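The values are calculated or read from the model by the stated rules, or taken from the named source; none is laboratory data. Bear in mind the structure is a predicted one, so any value in this text is a computation, not a measurement. Quick reminder, even Gly has a Cβ in these numbers, built from the backbone with ideal geometry, and neighbours come from all protein chains shown.
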């Protein structure tokens, strides 16, 4: 039996090693191409270590002087948008978790329906541009995506798992609903709130289509990186084979450098929220 157990452990170890390689290889390949000489990259050689190390790709990306202001805009929309969404999501999740709220089931079903049925891009565009008149307004980054229903369900499910006696005790002590939410519920919801905050932050940081549609006068970092990548592609199309240039860049090399620049901030933040993120991912096991 022990030999069989050891063999099974070796099989699991082998499986985990394969999964680790499959997980790390794409990221290492992107990093290697971003640091590799673009001419060498044109040979389409898959690698995890740069064959001819160079920083030309990153120099090309960072030559755009507008990247500083665009980075500030991305940080502002990520921080402000995440905080605003977190507060609204926590409030709504707490309201829907209250069994004494008459419409909590009806509103929950109504919100869930919006996850599967939406008005579409054209009605959304008309609403934002014509009705709300938020063209080139910073609020266009905040209000349209203020609440994600999936995150509301996560918060509500987590609150449902907390002892309701805590709320009753606070009410007997004279606390109102807002005080119960702020002083009792929020401190206990740190894991799920950290998970939801990560979801919102990643969504805000990676978004660039809303800039393209509604706020081109307020460009974000992702939008500027998207433009830089397109410019590199257009130059390659116009000039054709540029392999003889001394400081050549290629669309593939620029695309990989842009991917690393856009990904690093989230990769840096994630380890600090990892334990909360893992606990938040298990919230589906909490019964309503």
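Quick one: which residue in 286, 248 is over 20 Å from the mean Cα position of the chain (by Cα), closer than 30 Å to residue 98 by Cβ and either buried (at least 18 other Cβ atoms within 10 Å of the Cβ) or at pLDDT below 80 (or both)?
That would be 286, the only listed residue that is over 20 Å from the mean Cα position of the chain (by Cα), closer than 30 Å to residue 98 by Cβ and either buried (at least 18 other Cβ atoms within 10 Å of the Cβ) or at pLDDT below 80 (or both).
Each row is one residue, and each column tells you yes or no for (1) free of Cβ contacts under 8 Å to residues at least 12 places away in the same chain; (2) in contact with a helix residue (DSSP H, G or I) (Cβ under 7 Å, 6 or more places away or on another chain).
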position	(1), (2)
15	yes, no
19	yes, no
35	no, no
39	no, no
71	no, yes
81	no, yes
102	yes, no
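Of 51, 43, which residue is touching a helix residue (DSSP H, G or I) at 6+ places or on another chain (Cβ under 8 Å), in a loop (DSSP other than H, G, I, E, B), free of Cβ contacts under 8 Å to residues at least 60 places away in the same chain and over 18 Å from residue 265 (Cβ atoms)?
Checking each option against the conditions leaves just 51.
If I filter segment 80-99 for residues that are within 26 Å of residue 150 (Cβ to Cβ), surrounded by fewer than 16 Cβ atoms within 10 Å (Cβ to Cβ) and at pLDDT below 85, do I get at least one hit?
Looking for residues that are within 26 Å of residue 150 (Cβ to Cβ), surrounded by fewer than 16 Cβ atoms within 10 Å (Cβ to Cβ) and at pLDDT below 85, one finds at least one in segment 80-99, hence yes.
Kindly indicate whether residue 118 is free of Cβ contacts under 8 Å to residues at least 40 places away in the same chain, surrounded by 13 or more Cβ atoms within 10 Å (Cβ to Cβ) and closer than 25 Å to residue 198 by Cβ.
So residue 118 does not fit the description; no.
So is residue 195 at pLDDT 90 or above and touching a helix residue (DSSP H, G or I) at 6+ places or on another chain (Cβ under 6 Å) or not?
no
Between a first residue in segment 132-149 that is within 13 Å of residue 215 (Cα to Cα) and a second residue that is exposed (fewer than 14 other Cβ atoms within 10 Å of the Cβ), which pairs have beta carbons less than 7 Å apart while being 6 or more apart in sequence or on different chains?
136/217
If you check residue 60 against the conditions, is it in contact with a helix residue (DSSP H, G or I) (Cβ under 7 Å, 6 or more places away or on another chain) and within 25 Å of residue 202 (Cβ to Cβ)?
no
Can you tell me how many residues in segment 104-142 are closer than 26 Å to residue 76 by Cβ and either assigned to a loop (DSSP other than H, G, I, E, B) or under 22 Å from the mean Cα position of the chain (by Cα) (or both)?
Residues meeting the conditions: 13.
Condition first: under 29 Å from the mean Cα position of the chain (by Cα), more than 19 Å from residue 261 (Cβ to Cβ), surrounded by 10 or more Cβ atoms within 10 Å (Cβ to Cβ) and at pLDDT below 85. Can you find one or more residues in segment 39-47 that meet it?
Looking through segment 39-47, at least one residue is under 29 Å from the mean Cα position of the chain (by Cα), more than 19 Å from residue 261 (Cβ to Cβ), surrounded by 10 or more Cβ atoms within 10 Å (Cβ to Cβ) and at pLDDT below 85.
Anything in segment 129-153 that is at pLDDT 90 or above and touching a helix residue (DSSP H, G or I) at 6+ places or on another chain (Cβ under 6 Å)? List them, or say none.
Within segment 129-153, 140, 141, 142, 146, 147, 149, 151, 152 qualify.
Got at least one residue in segment 4-11 being at negative phi and at pLDDT 85 or above?
No, there is no match, as no residue in segment 4-11 is at negative phi and at pLDDT 85 or above.
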